[in-house]
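Colleague: Below is the structure I would like to discuss, written out as structure tokens.
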Amino acid sequence: MIKRIFAFSATLAVLASCGSSNKVSDNAAADNTLSKQEKKEGWQLLFDGTSTKGWHTFGKTITGPAWKVDNGTLHLDASAKGADWQTGGGGDIVTEEAFTNYHLKLEWKISKDGNSGVIFNVQDEPAKYKYVWYTGPEMQVLDNNGHPDAKIHKHRAGDLYDLVASTPETVKPVGEWNLAEIIQNNGKLEFKLNGTTVVSTSYGDDAWKALVAGSKFKGMPDFGKFSTGKLALQDHGNDVWYKNIKILKL
């Protein structure tokens with residue numbers, strides 16, 4: 001009898017577990033979609049998984065052919081080399097819309113020895129600024145185990161590039177997806193990588209200006225100066241994949 005009771009209890013536990021799993025699946029959003037809760041909260045998709053709608057190459061009106069939609073990802077195919085370190089037919093891409101206070105989420109996967117970045121507060125004025133990073137700070141995307149930049153302090157994955165080192169380091173190995181978050185809200189800036197806060201700093205105040213003055217950007221008078229701007233995905237000449245790009249205005 002005890003064995004029968006135990007077996008019956010185990011069966012109930014399995015069924016309960018299955019039911020719970022089904023509930024989680026029902027509430028979870030598929031790639032490049034919003035869950036019911038996200039829709040309720042006001043999240044906005046920036047990549048629909050089927051097109052580059054909402055994006056264009058910096059200084060142009062469309063995205064170049066190197067930025068491809070590949071199995072539900074936004075993939076920079078870096079096989080064609082350009083005149084500089086960037087990809088032929090590529091270039092940094094920026095959002096059509098500018099943002100001020102927001103919570104950005106996206107997932108990225110980098111190629112072996114690869115380098116990219118998520119750049120924010122970008123001023124889309126190519127006649128005045130040659131590259132997106134002349135104005136916009138960057139959350140670094142990098143193969144920490146293969147790219148030489150990883151040997152430089154404040155240049156590793158998750159870092160506020162050349163300004164603040166991320167800690168702890170929570171990046172996943174090449175070939176795995178990383179969940180990155182940038183939260184900018186009224187002079188406060190926070191980076192999360194794979195669910196852990198890795199950078200937390202002020203933005204735009206004297207402490208921020210001191211960070212910039214001590215960085216490689218000190219000779220760029222408009223770097224990190226703007227609190228409103230576009231988001232950019234960087235072409236650094238290496239394959240990179242992005243998906244589930246979404247934003248909540250705060």
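Bear in mind these aren't lab numbers, they're just calculated from the coordinates by the rules spelled out. Please read all numbers here as calculations on a predicted model, not as lab measurements. Ideal geometry is used to build each Cβ from the backbone, glycine not excepted, and the neighbour counts take in all protein chains shown.
Colleague: Quick one: grab the alpha carbon gyration tensor of segment 102-250, order the square roots of its eigenvalues as a ≥ b ≥ c, and give me rounded if a/c is under 1.5, else prolate or oblate depending on whether a/b is larger than b/c.
Modeller: The shape class here is rounded.
Colleague: If a/c stays under 1.5 just call it rounded; otherwise compare a/b with b/c (prolate if a/b is bigger, oblate if not). Do that for segment 141-205, with a ≥ b ≥ c from the square roots of the Cα gyration tensor eigenvalues.
Modeller: Oblate shape, in that a/c is at least 1.5 and b/c is the bigger or equal ratio.
Colleague: If the only charges are +1 at each Lys and Arg Cβ and -1 at each Asp and Glu Cβ, what is the size of the charge dipole of the chain around the Cα centre, to the nearest 20 debye?
Modeller: 620 debye
Colleague: When only DSSP loop residues count, what GluC sites (Glu not before Pro) in segment 127-223 have their Cβ near at most 13 other Cβ atoms within 10 Å?
Modeller: 176
Colleague: Moving on. Of the labelled options [x] 20.0; [y] 18.0; [z] 19.3, which one gives Kirkwood radius over Cα pairs in Å as computed for this structure?
Modeller: Among [x] 20.0; [y] 18.0; [z] 19.3, the one derived from this structure is [z].
Colleague: Say a paramagnetic label sat at a point 7 Å from the Cα of residue 153, along Cα to Cβ; which residues of segment 222-246 have their backbone N under 15 Å from it?
Modeller: Answer for segment 222-246: none.
Colleague: Further question on the same structure: Remind me, relative contact order of the chain in percent, using alpha carbon pairs under 8 angstrom and six or more residues apart?
Modeller: For the chain, the relative contact order is 27 percent.
Colleague: Among rounded, prolate and oblate, which fits segment 71-167 when a ≥ b ≥ c are the square roots of the eigenvalues of its C-alpha gyration tensor, a/c under 1.5 means rounded, and a/b larger than b/c means prolate?
Modeller: Rounded shape, in that the Cα axes give a/c under 1.5.
Colleague: Calculate, for residue 127 and residue 101, the FRET efficiency according to 1/(1 + (r/R0)^6) with r their C-beta to C-beta distance and R0 35 Å; round to the nearest 0.05.
Modeller: In this case the efficiency is close to 0.80.
Colleague: Still on this structure, please answer the following. Just to confirm a number: summing +1 for Lys and Arg and -1 for Asp and Glu over residues other than residue 172 whose beta-carbon lies under 12 angstrom from that of residue 172, what do you get?
Modeller: Computed value for this residue: -3.
Colleague: Find which of 115, 198, 237 sits farthest along the positive direction of the dipole of segment 32-249, computed with +1 on the beta-carbon of Lys and Arg, -1 on that of Asp and Glu, about the Cα centre.
Modeller: 198
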